[in-house]
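To start, the structure itself, in structure tokens.
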Amino acid sequence: MSRVTARRPTLRISPAGNIQRPDTLVVEEPLEIRTGGKSLTVTMRTPGADIDLIHGFLFAEGIIGELEDIVTARYCAGTDENGQNTYNVLDVQLRHPVPITPRSFLTSSSCGLCGKTALDEVRTRTRYPLPANGISISTDTLADLPGELRSRQTLFDATGGLHGAGLFTVDGEVLVVREDVGRHNAVDKVIGWALRENLIPAHELLLMVSSRASFELVQKAVMAGIPFLGAVSAPSSLAVDLAAEADLTLVGFLRGETMNAYTGIHRLKV
């Protein structure tokens, strides 16, 4: 699939004058995830790395615990007005089918869970408690990561409309970068990639995001055993609470040589 961008007409207004021209936009399409033929959820995403996305999503939500829990993942028949497959429906066969209910997984910051309930649910679901000791990262290395992530956001260069997420070693080596119109999808894509590469639990890796650090992004990092989360923007209060509860190192406003370290400061070499 290469349906990641689309062209739309626009009127460019500027002090130099107005001009009509096509603009390149990021594609946003629904992806329905099914298990055993039954609909689980629909997420709006940028097409591409869908297999990574569903692996990361199912893992972060505690529906699977390891790569072998997914037997098959295949696109279902779904056609557009031209009779072409839309590739917007994925059916997953689980090794151990689980009952799916509306409360089977955490959804978003608007899902209605109170703070304590959300923290307790993540604590009881994660299979990989974060290591308290053993690894650290220098603030000099952290300062380089936003630029390393940004330099690999090729779709952002074309559209200016995507979030980026990347997994790095504590030495600053980039392992994978994914982009998506949804920041949670971008994170699911890199976690799904790590799961498929047998890198979970990711106890020696760092997750870097081009967005703010919401509760759901911290939740996904904790579920994957990732001890570091860096973000170019602010965290939410519940994200900081969960990071503190899980002993995750959370760094926000990571821009150049300045940053705010909220939790897990013992892992930082200042």
antiparallel share of DSSP beta bridges within segment 164-270, to nearest 5, in %, is 65 percent
Neighbours of residue 132 by Cβ distance under 11 Å: Lys/Arg at +1, Asp/Glu at -1, summed charge 0
For the residue 234, residue 72 Cβ pair and Förster radius 45 Å, calculated FRET efficiency rounded to 0.05 is 0.65
For the chain, the dipole about the Cα centre with charges only on Cβ (Lys and Arg +1, Asp and Glu -1), to the nearest 20 debye, works out at 460 debye
Computed over all unlike Cα pairs, the Kirkwood hydrodynamic radius of segment 151-222 in Å stands at 12.3 Å
The chain: antiparallel bridges as % of DSSP beta bridges, rounded to 5, reads 70 percent
Under 20 Å by backbone N from the virtual spin label 7 Å along Cα-to-Cβ at residue 258, the residues of segment 235-252 are 235-236, 250-252
With +1 at each Lys and Arg Cβ and -1 at each Asp and Glu Cβ, the charge dipole magnitude of segment 139-223 around its Cα centre, to the nearest 20 debye, comes out at 340 debye
Total charge of the residues flanking residue 20 in space, meaning their Cβ is under 14 Å from its Cβ, with Lys and Arg +1 and Asp and Glu -1, is +3
1/(1 + (r/R0)^6) with r = Cβ-Cβ of residue 10 and residue 39, R0 = 30 Å, i.e. FRET efficiency to nearest 0.05, evaluates to 0.25
From DSSP H assignment alone, runs of 4+ in the chain each adding -39500 (n - 2.57), the sum over residues rounded to the nearest 500 puts [θ] at 222 nm at -8000 deg cm²/dmol
The convex hull of the Cα atoms of segment 165-270, divided by residue count, gives a volume in Å³ per residue of 89 Å³
Here FRET efficiency (C-beta to C-beta, residue 169 to residue 19, R₀ 35 Å, nearest 0.05) is 0.15
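No lab work stands behind these numbers, since they all come straight from the coordinates. Everything quoted here is computed from the prediction, not taken from an experiment. Using ideal geometry, Cβ is built from the backbone for each residue, glycine included, and neighbour counts are taken over all protein chains shown.
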